[in-house]
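Beneath this line is the structure, given in structure tokens, with notes to follow.
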Amino acid sequence: MSAAATTSKARQNPAFGLRRNGQTPDGVVRNAVLVTFIIFLALYPIIDRGLGLQKMGAVPGILIFTILALGLNIVVGFAGLLDLGYAAFFAIGGYTAAFLTSPTSPLAPYFQTNFYVAMILSFFVAALFGVILGAPTLRLRGDYLAIVTLAFGEIVPRVILNLEQWTKGARGMKAIGVPTLPTVQNGQVGLYEIYNQNQTEWYYLIFTVGAISVFAIYRLAHSRIGRAWMAMREDELAAGAMGINLVQTKLLAFAIGASFSGFAGSIWASMLQFIDPFQFDFSISVIVLAMVILGGIGNTWGVIFGGAVLGFYDRILTSDATSWLRGIGAAVDLPVISSVLKEIDLTNFKFGIFGAALVILMLTRPEGLFPNRARALEMKGEAGPEAGDAITTEERTAAGARA
């Protein structure tokens, strides 16, 4: 690039050229926010106990849904395949764990295993069903693919509900195996089981599984298959012409994305000690997809942030805000306003509030809060500092995927 071109770009974009270790000032601020957020997550049980927040009961569920969002980001964010039936794999993972560990399971007289083995097997069983879903949809794109995945997400809970002789139907399955952790008592090393009341243990178990998931997804995104997914997302025809095996690439996206939902489902079932088909309705798929969109499609760290923010809103903020408003209604002495505030329940309106906020976000920041850089430029339709290198980057992506 010539000096004149560099000067021209610098005039058009003041941030161009102001880089530190290869990052723009906006990138440095964004990374600082994300690092602070990750440290906060790692220390949250200590913060919760120190400040007396008493929110540990809701946080493990938020972490599980964040793991779901990370898995869906592989399918939607990396491969560009719209999946509206992701809750089905969540159910498959949960029921796999129940079948392998519960004494009420039809497999109990023949085969039983512990939680950790069941979690690993849930990973592979969900991946298998991901391939089963992906195989008939290889030729579908866009809205047609979304309709098929939506149907799959509705079929799986109905099948579970109707196979009552094996799944217990609407009664659900109970006494699901729980994880064990090492402990030292009287100088001897032993194991103890953790249940729903052991909130700190569950938190760090799920946090550890989530950290392993983030590492695996990060390595996948920067591997040959990750570059193939992104090339397919940008232009499927061009990716196929460049030598990428689209059948294999799509099936791997569905399988690996489903597998993360599978072991998240096994953790969910074990933590609740109860599972039934009504826990896996369409709203689960919508919420998880919204986490991906809110954080930034294709950006792993953004999806983590979006999952935490939306989970906090869904499980903590609406109920707390209801209590705050009722307290205000009891404190003020205004005839109409006080009566309304005393009877308000925001949990009945949380989806409406969430929908309005999502519409505003799509109008003001359609790429999400922390978008992938290339996708942000694509959504905005602007040429940023890296626009001059766009062709080179695409060629490098396609070449790496083809290698």
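For region 323-343, the count of residues that are under 30 Å from ILE217 (Cα atoms) and of a type in the set (A, V, I, L, M, F, W, C) is zero. With respect to the conditions (1) in contact with a strand residue (DSSP E or B) (Cβ under 9 Å, 6 or more places away or on another chain); (2) surrounded by fewer than 15 Cβ atoms within 10 Å (Cβ to Cβ); (3) of a type in the set (Ser, Thr, Tyr); (4) modelled with pLDDT under 90, TYR110 falls short on a single one, namely (1).
Out of the residues in region 306-328 that are surrounded by 18 or more Cβ atoms within 10 Å (Cβ to Cβ) and touching a Lys or Arg at 6+ places or on another chain (Cβ under 7 Å), which is farthest from TRP229 (Cα to Cα)? Residue satisfying both the conditions and the ranking: THR318.
Of all residues in region 332-346, those satisfying the criterion of being farther than 9 Å from THR322 by Cα, open to solvent by less than 100 Å² (accessible area, probe 1.4 Å) and not in a helix (DSSP H, G or I) are VAL332, LEU334. Kindly indicate whether ASP143 is under 25 Å from ILE297 (Cβ atoms) and buried (at least 24 other Cβ atoms within 10 Å of the Cβ). The answer is no for ASP143. Please find, within region 223-241, the residue that is surrounded by the fewest Cβ atoms within 10 Å (Cβ to Cβ) out of those that are over 27 Å from the mean Cα position of the chain (by Cα) and farther than 16 Å from LEU140 by Cα. By that ranking, first place goes to ALA241.
Restricting region 278-305 to residues that are open to solvent by less than 10 Å² (accessible area, probe 1.4 Å) and modelled with pLDDT of 90 or more, the residue that is farthest from PHE90 (Cα to Cα) is VAL303.
Quick test for you: out of LEU100, LEU82, pick the one residue that is in contact with an Asp or Glu (Cβ under 9 Å, 6 or more places away or on another chain) and open to solvent by 10 Å² or more (accessible area, probe 1.4 Å). LEU82 is the lone residue from the list that is in contact with an Asp or Glu (Cβ under 9 Å, 6 or more places away or on another chain) and open to solvent by 10 Å² or more (accessible area, probe 1.4 Å). Of the helices (runs of 4 or more DSSP H) entirely within region 146-244, those holding at least 2 residues that are more than 22 Å from ALA255 (Cβ to Cβ) occupy 164-167, 199-221, 236-241. Here MET271 passes the criteria (1) within 20 Å of LEU82 (Cα to Cα); (2) buried (at least 22 other Cβ atoms within 10 Å of the Cβ); (3) hydrophobic (A, V, I, L, M, F, W, C) except the one numbered (1). I'd like the residue in region 39-61 that is of a type in the set (A, V, I, L, M, F, W, C) and in contact (Cβ under 8 Å) with a residue 60 or more places away in the chain and, out of all such residues, is surrounded by the fewest Cβ atoms within 10 Å (Cβ to Cβ). If we take residues in region 39-61 being of a type in the set (A, V, I, L, M, F, W, C) and in contact (Cβ under 8 Å) with a residue 60 or more places away in the chain, then ALA42 is surrounded by the fewest Cβ atoms within 10 Å (Cβ to Cβ).
Touching a Ser or Thr at 6+ places or on another chain (Cβ under 7 Å) and either more than 21 Å from VAL303 (Cβ to Cβ) or hydroxyl-bearing (Ser, Thr, Tyr) (or both) - does that describe any residue in region 224-240? No, region 224-240 contains no residue that is touching a Ser or Thr at 6+ places or on another chain (Cβ under 7 Å) and either more than 21 Å from VAL303 (Cβ to Cβ) or hydroxyl-bearing (Ser, Thr, Tyr) (or both). Is there a residue being free of Cβ contacts under 8 Å to residues at least 24 places away in the same chain, of a type in the set (Lys, Arg) and farther than 30 Å from VAL29 by Cα anywhere in region 312-328? Yes, that holds for at least one residue.
Tell me whether region 176-184 contains one or more residues that are in the same structural domain as SER102 (by TED's automatic domain parsing), surrounded by fewer than 16 Cβ atoms within 10 Å (Cβ to Cβ) and touching an Asp or Glu at 6+ places or on another chain (Cβ under 7 Å). Checking region 176-184: at least one residue is in the same structural domain as SER102 (by TED's automatic domain parsing), surrounded by fewer than 16 Cβ atoms within 10 Å (Cβ to Cβ) and touching an Asp or Glu at 6+ places or on another chain (Cβ under 7 Å). Put simply, of ALA87, ALA127 the only residue that is within 25 Å of TYR218 (Cα to Cα) and open to solvent by less than 10 Å² (accessible area, probe 1.4 Å) is ALA87.
Within region 185-201, identify whether any single residue is in the same structural domain as LEU252 (by TED's automatic domain parsing), touching an Asp or Glu at 6+ places or on another chain (Cβ under 8 Å) and not small (Gly, Ala, Ser), and answer yes or no. So far as region 185-201 goes, yes, one or more of its residues are in the same structural domain as LEU252 (by TED's automatic domain parsing), touching an Asp or Glu at 6+ places or on another chain (Cβ under 8 Å) and not small (Gly, Ala, Ser). Figure legend. Inter-residue proximity from region 232-255: first residues modelled with pLDDT of 90 or more, second residues open to solvent by 50 Å² or more (accessible area, probe 1.4 Å), beta-carbon distance below 8 Å, spacing 6+ or different chains. Indicated pairs: LEU251/VAL131; LEU251/ALA135; PHE254/VAL131; ALA255/LEU128; ALA255/VAL131.
For every residue, the table says whether it meets (1) within 30 Å of LEU34 (Cα to Cα); (2) touching a helix residue (DSSP H, G or I) at 6+ places or on another chain (Cβ under 9 Å); (3) among the hydrophobic types (A, V, I, L, M, F, W, C).
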residue	(1), (2), (3)
THR322	yes, yes, no
ALA331	no, yes, yes
ILE353	yes, yes, yes
LEU358	yes, yes, yes
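The values are calculated or read from the model by the stated rules, or taken from the named source; none is laboratory data. Here the structure is a predicted model, which is why all the values come from computation and not from measurement. Here the Cβ is made from the backbone with ideal geometry for all residues, glycine too, and neighbour counts use every protein chain on show. The area values use the complete protein model at the heavy-atom level, side chains included, leaving out ligands, DNA and RNA. Shrake-Rupley method; radii C 1.70, N 1.55, O 1.52, S 1.80 Å.
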